[in-house]
Amino acid sequence: MITPVKLDRAAPTDLYEQVAAEIRRAIAAGEAGPGDRLPPARDLAAVIGVNTNTVLRALRLLRDEGLLEFRRGRGISVAATPARGVVVEQARELIESARRHGYRVEEVTQLIAELW
C-alpha cells in the first residue's frame, strides 16, 4: 500500500486531504482491499514525508467516511471500498438534514423504504 505519493504543498488543498485522497486512490486501485491492514501512521508519515499528525488526521477522515476501521491492538484496516464511503457520507448528510427538519428515525426509514 505504500507507493509513491504525490503531494502538492503549494496546492490550496490541505495536506491531510491530499494524503486521504491518495489512500482512497490506493484502495480504489485494489492496492489494499477490505480486511487489509495499513502500516502504522508513523511509518506512513515517514514514507510520505509529512508529520504523523497529518497522516492521523487523514486516517480519521477516512474512518469517518467508513473506509477504514480502527481497532485497539489490531491497528487500522480497510473496512470498505470508496463506493461505500460515498454512500456513508451521503447517509450522514441525509441524517443531518432530517434532524434539522425535525424528522424522526422511523419517518426517515419509512421514506427510504418507500423510495427503494
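The values are calculated or read from the model by the stated rules, or taken from the named source; none is laboratory data. None of these values were measured; they are calculated from a predicted model. Positions of Cβ are generated from backbone atoms using ideal geometry, with glycine treated the same way; all protein chains shown enter the neighbour counts. With ligands, DNA and RNA removed, areas are computed over all heavy atoms of the protein, side chains included. Shrake-Rupley method; radii C 1.70, N 1.55, O 1.52, S 1.80 Å.
Give the peptides 98-107, 42-51 in descending order of average Cβ contacts within 10 Å, highest first.
Packing order, densest peptide first, comes out as 42-51, 98-107.
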Inset, instruction - Give me the net charge of residue 13's neighbourhood, meaning all other residues with Cβ under 15 Å from the Cβ of residue 13; Lys, Arg count +1, Asp, Glu -1. - result: +1
Inset, instruction - Among 98, 66, 113, pick out the residue whose Cα is farthest towards the positive end of the charge dipole of the chain, where Lys and Arg carry +1 and Asp and Glu carry -1 on C-beta, about the Cα centre. - result: 66
Inset, instruction - Sort out for me the Cα centre separation of segment 44-116 from segment 23-38, rounded to whole Å. - result: 16 Å
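For residue 77, what charge total do you get from the other residues with a beta carbon under 11 Å from its beta carbon, if Lys and Arg give +1 and Asp and Glu give -1?
Charge balance in the 11 Å sphere: +2.
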Inset, instruction - Taking the chain as the reference, fit the longest principal axis to its C-alpha atoms, fit the long axis of helix 15-28 to the helix C-alpha atoms, and give the angle between the two in degrees, 0 to 90, nearest 10. - result: 80 degrees
Legend entry - Surface share of carbon and sulfur [accessible, 1.4 angstrom probe, percent] for segment 1-69: 48 percent
Inset, instruction - Report the normalised scattering of segment 1-110 as log10 I(q)/I(0) at q = 0.11 Å⁻¹, calculated by the Debye formula with identical scatterers on the alpha carbons. - result: -0.41
